[in-house]
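The values are calculated or read from the model by the stated rules, or taken from the named source; none is laboratory data. Not measured: the values here are computed from a predicted model. Cβ placement follows ideal geometry from the backbone for every residue including glycine, while neighbour counts extend to all protein chains displayed. Keep in mind that these areas ignore ligands, DNA and RNA; they rest on the heavy atoms of the full protein, side chains included. Shrake-Rupley method; radii C 1.70, N 1.55, O 1.52, S 1.80 Å.
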Amino acid sequence: MKSFGKIMAVAALALSVGAVSASADSCSGHNHDTGTALGAAGGAAIGGLASHSIVGAVVGGVAGGFAGNAISRSNDCRHRAVRHSYLDRDGHRHYYYR
């Protein structure tokens, strides 16, 4: 149980280190703190439990933070609505978002 406490402490440290890279992007202007935090926490837990060491938790937390941030950015930019329009046969312009 002592090693689990150490792993959780290192996971919190890795979470704070991994969250530094969660800045706003140019695609939507949103920040991606939640994706970075979830990725860092999951990576630290998996890395710590897989390697049974503090170093594994730190490496997993940092890698998970970067991965979570990248996934969050990718999902956010793909779901941006783009305005399209078309003219009907009477010459009226109609707008829709896709």
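Results, tabulated for the structure shown:
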item	result
Subset of the range 28-64 that is open to solvent by 30 Å² or more (accessible area, probe 1.4 Å), in a loop (DSSP other than H, G, I, E, B) and closer than 18 Å to Asn75 by Cα - its residue that is modelled with the highest pLDDT	Asn31
Some residue of the range 69-84 being part of a strand (DSSP E or B) and either among the polar types (S, T, N, Q) or at pLDDT below 90 (or both)	yes
Only listed residue being in contact (Cβ under 8 Å) with a residue 40 or more places away in the chain, under 20 Å from the mean Cα position of the chain (by Cα) and over 21 Å from Phe4 (Cβ atoms), chosen from Asn69, Asn31	Asn69
